[in-house]
Amino acid sequence: MTYRRTNRIAKSPMAKKLWVAMASVGLASVTLPAASQEPLPSITLTTTTESYDPIRYEAAFMVADRWRELGFDVNVAPTEFSTALERFYDQQDFDVTILGWSGRTDRLDPQFFLSTLDSREAYPGGNNPGGYENSEFDELFDLQSQAFDLDERQRLVMEMQELYKSDIPVVVLFHRDEVVAFNHEAFGGFNPMAGEGLYSEWGPMEAVAEGERKTLRIGGPQEPDNLNPLSSTSVWGWKWMRLYYDRLVRLSADVEPLPWAAESVEQIDDTTIAVTLRDGMTFHDGEAVTAEDVAFTYNYYLDQQYGYFSSYLSVLDNAEHIDERTVHFHLKEPSASFASISLSQIPILPEHIWSEIDDAAALSPADTPTIGSGPFQYERFDRGEFMAISKFEDHFYADEIDIDGVEFIIYADMEGVYTGLQTGQIDVTAWRMEPGQIGLAEGEEHLTVVNVPDFGYFHMTYNTRRAPFDDRAVRRALTMATDRERMVNVLLDGRGEVGSSVIAPVNTFWHESFVERFDFDMDAARAELEEAGYSWDSDGRIVR
């Protein structure tokens, strides 16, 4: 069911005449009484720079134009990506911000995206920077987390989407198709993943060299925010680190949990999970990987002030080392996703290194350890230019990997990335190509273009702690005044889908189709504001 508010106006003859006059001259030019009322605060709309992502950059100006038409004073603030992330997550110092959540495989389970609206995630560094609070939503979040019956969990997830949507704390702008390309004359064997394209954790492990060169070269416009596994909040950091850190479980493209560092995972009872570690594993410095390292890692994450994985770890009470290869995870309550999703996300840290670090978040880049046990080992990172890892020959999966290493070339923008692909400097694009580049790539004989859907999304988040975004009516009106369909048709050239919920339509089992959609409607936006007691001054500025 689609809901849409319409203008409401008094039924008197005078009111009808006023409505006709308004329609004939345009709503924006009408002056309404606003005695002793004050203009609303100016809005700063933060977005990424044009060179980093022209789509988000242009989208922000599209939004601002319509909001100004509605009577708001709006300033667009293009911001370097890492700085925007810091202000959004760590400082939570923003009015409205346009960013995105990537469609990593683990996020096909609804746990993570729903957690971004959990009020307990609203602390600095948490996954709810907008500060949305709804106790009923939080209660449902806990219930779905504990629901082992799949149908019951689905029902709860659907109810949560209906519940938050009318409050509109965050606008899902669009789901953008992942259109990427690779040089099939240099490498093959790739299996693109929904939401991740070719630069998935499996990509380097599946790549097959077609010639003598066995170093896979990937190119992208963004470097990691940092390489600290207890500080990074960027997908770019984790796409790189997950290649040289192991997890107990890895997820297939179909979200099937595959034992990885774990030989087996067993549910002992509703709140106890036993993991038996694979035998013979070593860290890149030669030290053995033991159950003590695993238990230490999970307990260490619980003790540190790091919010990025908090939705996965909130149910964990502690991890207990039983013997050299066995760990018991003791949960505070039953969890439907801990064994499959939570165990697939936490990187195993070497206790002999990290136990000496009291405050992991305070580490400088030069002091951050880079020793893992993954299928690749860290080699170098030249900020703004280059990263490199090499195959770890002692890894249990090493014989299945054809390449000998990965180099990541960091470009200033997607134009540079595409030029690198076209000229053979790189083999794979790590980021979506711009619409104008797709047709060019399809015309290149040495390139294969891949198009996969995305269950991640680009979002516009309101800081609900600040006026006027603490008013539900303002958020609803601003959302109605956001032309997302134009973004998809013009900016994405139709290669995407207008967003309706934090759970994407492509994720059909969990997506609730019948939620309020907030279609673009300037008249409905004005009516929403009028009903809430707002009006406009003689300059067309909104006041209250």
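Within the range 96-112, which residues are at pLDDT 95 or above and over 17 Å from S234 (Cβ atoms)?
The answer is V96, and nothing else.
Identify, from the list V515, V543, V498, V490, the residue that is among the aliphatic types (A, V, I, L, M) and either touching a His at 6+ places or on another chain (Cβ under 9 Å) or at positive phi (or both).
After ruling out the rest, the residue left standing is V498.
What number of residues in the range 30-56 are among the hydroxyl-bearing types (S, T, Y), modelled with pLDDT of 90 or more and either surrounded by fewer than 19 Cβ atoms within 10 Å (Cβ to Cβ) or under 22 Å from D521 (Cα atoms) (or both)?
Summing the residues that are among the hydroxyl-bearing types (S, T, Y), modelled with pLDDT of 90 or more and either surrounded by fewer than 19 Cβ atoms within 10 Å (Cβ to Cβ) or under 22 Å from D521 (Cα atoms) (or both) in the range 30-56 gives 3.
Being part of a helix (DSSP H, G or I), modelled with pLDDT of 95 or more and of a type in the set (D, E, K, R) narrows it down to one residue among R213, R155; which is it?
R155
Can S12 be described as loosely packed, with under 14 Cβ neighbours inside 10 Å, more than 19 Å from the chain's Cα centre (by Cα) and modelled with pLDDT under 50?
When the stated conditions are applied, S12 passes them.
Return the residues of the range 388-427 that are part of a helix (DSSP H, G or I), without any contact (Cβ under 8 Å) to a residue 40 or more places away in the chain and open to solvent by less than 50 Å² (accessible area, probe 1.4 Å); say none if nothing qualifies.
A398, Y418
Conditions first: (1) closer than 21 Å to R544 by Cβ; (2) modelled with pLDDT of 85 or more; (3) not aliphatic (A, V, I, L, M). D93 passes all but one, so which condition is the exception?
With (1) closer than 21 Å to R544 by Cβ; (2) modelled with pLDDT of 85 or more; (3) not aliphatic (A, V, I, L, M) applied to D93, the lone miss is (1).
Of all residues being hydrophobic (A, V, I, L, M, F, W, C) and farther than 16 Å from I43 by Cα in the range 530-543, which is most open to solvent (accessible area, probe 1.4 Å)? Just the residue, please.
Restricting to residues being hydrophobic (A, V, I, L, M, F, W, C) and farther than 16 Å from I43 by Cα, the top hit is A532.
I'd like to know if the range 468-489 contains one or more residues that are closer than 19 Å to E58 by Cβ, without any contact (Cβ under 8 Å) to a residue 12 or more places away in the chain and either part of a helix (DSSP H, G or I) or aliphatic (A, V, I, L, M) (or both).
Yes.
Restrict the check to the range 194-209 and report whether at least one residue is without any contact (Cβ under 8 Å) to a residue 40 or more places away in the chain and open to solvent by 10 Å² or more (accessible area, probe 1.4 Å).
For the range 194-209, residues without any contact (Cβ under 8 Å) to a residue 40 or more places away in the chain and open to solvent by 10 Å² or more (accessible area, probe 1.4 Å): present.
Does the range 237-252 include one or more residues that are touching a Gly at 6+ places or on another chain (Cβ under 9 Å), closer than 26 Å to F141 by Cα, among the polar types (S, T, N, Q) and not in a strand (DSSP E or B)?
no
Would you point out the residue of the range 322-343, among those that are outside any loop (DSSP other than H, G, I, E, B) and under 13 Å from S145 (Cβ atoms), that is modelled with the lowest pLDDT?
Checked the range 322-343; the qualifying residue modelled with the lowest pLDDT is S342.
Taking G384, is it touching a Lys or Arg at 6+ places or on another chain (Cβ under 8 Å), among the small types (G, A, S), touching a residue at least 60 places away in the same chain (Cβ under 8 Å) and not in a strand (DSSP E or B)?
no
Being open to solvent by 10 Å² or more (accessible area, probe 1.4 Å), outside any loop (DSSP other than H, G, I, E, B) and touching a residue at least 12 places away in the same chain (Cβ under 8 Å) is the filter; apply it to the range 437-457 and report the residue that is farthest from G197 (Cα to Cα).
Going through the qualifying residues, I end up with L440.
Quick one: in the range 62-100, of everything that is part of a helix (DSSP H, G or I) and open to solvent by 70 Å² or more (accessible area, probe 1.4 Å), which residue is nearest to E485 (Cα to Cα)?
Among those that are part of a helix (DSSP H, G or I) and open to solvent by 70 Å² or more (accessible area, probe 1.4 Å), it is R66.
Restricting to the range 344-367, give me the number of residues that are among the polar types (S, T, N, Q), assigned to a loop (DSSP other than H, G, I, E, B) and under 24 Å from the mean Cα position of the chain (by Cα).
1
Let me spell it out: the conditions are (1) free of Cβ contacts under 8 Å to residues at least 40 places away in the same chain; (2) in contact with a Phe, Trp or Tyr (Cβ under 6 Å, 6 or more places away or on another chain), and E136 meets all of them except one. Which number is the exception?
Of the numbered conditions (1) free of Cβ contacts under 8 Å to residues at least 40 places away in the same chain; (2) in contact with a Phe, Trp or Tyr (Cβ under 6 Å, 6 or more places away or on another chain), the odd one out for E136 is (2).
Considering only residues that are farther than 15 Å from F381 by Cβ and open to solvent by less than 10 Å² (accessible area, probe 1.4 Å), which ones fall in the range 232-256?
Answer for the range 232-256, where residues must be farther than 15 Å from F381 by Cβ and open to solvent by less than 10 Å² (accessible area, probe 1.4 Å): D246, L248, V249, R250, L251.
Is there a residue in the range 159-173 that is at pLDDT 95 or above, farther than 25 Å from H459 by Cα, open to solvent by less than 10 Å² (accessible area, probe 1.4 Å) and not small (G, A, S)?
Looking through the range 159-173, none of the residues is at pLDDT 95 or above, farther than 25 Å from H459 by Cα, open to solvent by less than 10 Å² (accessible area, probe 1.4 Å) and not small (G, A, S).
Among the residues of the range 490-518 satisfying the criterion of being assigned to a loop (DSSP other than H, G, I, E, B) and open to solvent by 60 Å² or more (accessible area, probe 1.4 Å), which is farthest from F174 (Cα to Cα)?
Selected residue: F509.
Applying the selection to the range 113-128, what residues are assigned to a loop (DSSP other than H, G, I, E, B), closer than 16 Å to Q345 by Cβ and at pLDDT 95 or above?
Scanning the range 113-128 gives a single hit, T116.
Is it fair to say R526 is over 19 Å from the mean Cα position of the chain (by Cα), buried (at least 23 other Cβ atoms within 10 Å of the Cβ) and part of a helix (DSSP H, G or I)?
yes
Among (1) β-branched (V, I, T); (2) open to solvent by 10 Å² or more (accessible area, probe 1.4 Å); (3) at pLDDT 95 or above, where does V474 come up short?
(2)
Checking G286 against (1) of a type in the set (G, A, S); (2) at pLDDT 95 or above; (3) on the phi < 0 side of the Ramachandran plot, which test does it fail?
Checking G286 against (1) of a type in the set (G, A, S); (2) at pLDDT 95 or above; (3) on the phi < 0 side of the Ramachandran plot, the one that fails is (3).
Looking at (1) modelled with pLDDT of 95 or more; (2) more than 20 Å from I401 (Cα to Cα); (3) open to solvent by less than 20 Å² (accessible area, probe 1.4 Å); (4) not in a loop (DSSP other than H, G, I, E, B), find the lone condition where P229 falls short.
Only one criterion is unmet by P229, namely (4).
The values are calculated or read from the model by the stated rules, or taken from the named source; none is laboratory data. Note that the structure is a prediction, hence the values are computed from the model and not measured. Reconstructed Cβ throughout: ideal geometry from the backbone, glycine too, with neighbour counts over all protein chains shown. Ligands, DNA and RNA are stripped out before the accessible areas are found, and what is left, the full protein with its side chains, is counted by its heavy atoms. Shrake-Rupley method; radii C 1.70, N 1.55, O 1.52, S 1.80 Å.
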